[in-house]
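The values are calculated or read from the model by the stated rules, or taken from the named source; none is laboratory data. All values reported here derive from a predicted model rather than from experimental measurement. Glycine also receives a Cβ, built like all others from the backbone with ideal geometry; neighbour counts cover every protein chain displayed.
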Amino acid sequence: MQLCKERNWSLYKLAHEAGISETTVYGWFNKNEFTPSRSSIEDICSAFEISVATFYNDVDLDKLTPQQIELLALFEKVPDAKKSVVIDIVRSFAKGIEG
């Protein structure tokens, strides 16, 4: 949201520029329905003309739960070749919850 504020973008403009449905973007910010997928984050970064690393540097660690911090710390220890497997596993758990 900070990037939108800095650029004076509405959520509608973010959705339009990133090529993501408005409903999806509004769900992320207004309803906390789910978190963006990696491809959506890449689309957002492309719209903002920033790298994915820059996007994640803007995470407010004070708002993360201890479990989220632990998950991120553990993920950093996973070999790069296995990170996509971890993401797929977590995504499959999340789909079970959403569906």
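Applying the set (1) surrounded by 13 or more Cβ atoms within 10 Å (Cβ to Cβ); (2) at pLDDT below 80 to I44 leaves exactly one unmet item: (2). Within region 82-99, residues that are assigned by TED's automatic domain parsing to the domain that holds L71 reach partners that are modelled with pLDDT of 85 or more with beta carbons closer than 7 Å, at six or more positions or on different chains, in the pairs V86/V78.
Selection of helices (runs of 4 or more DSSP H) fully inside region 1-58 by the criterion of at least 3 residues being in contact (Cβ under 8 Å) with a residue 12 or more places away in the chain returns 2-7, 11-18, 22-26, 38-48. Scanning region 24-37 turns up no residue that is surrounded by fewer than 13 Cβ atoms within 10 Å (Cβ to Cβ) and at pLDDT 80 or above.
Just checking, how many residues over region 56-71 are among the hydrophobic types (A, V, I, L, M, F, W, C) and modelled with pLDDT of 80 or more? Break it down stepwise before answering.
Filtering region 56-71 down to residues among the hydrophobic types (A, V, I, L, M, F, W, C) leaves 59, 61, 64, 69, 71.
Those left that are additionally modelled with pLDDT of 80 or more: 71.
So the answer is 1.
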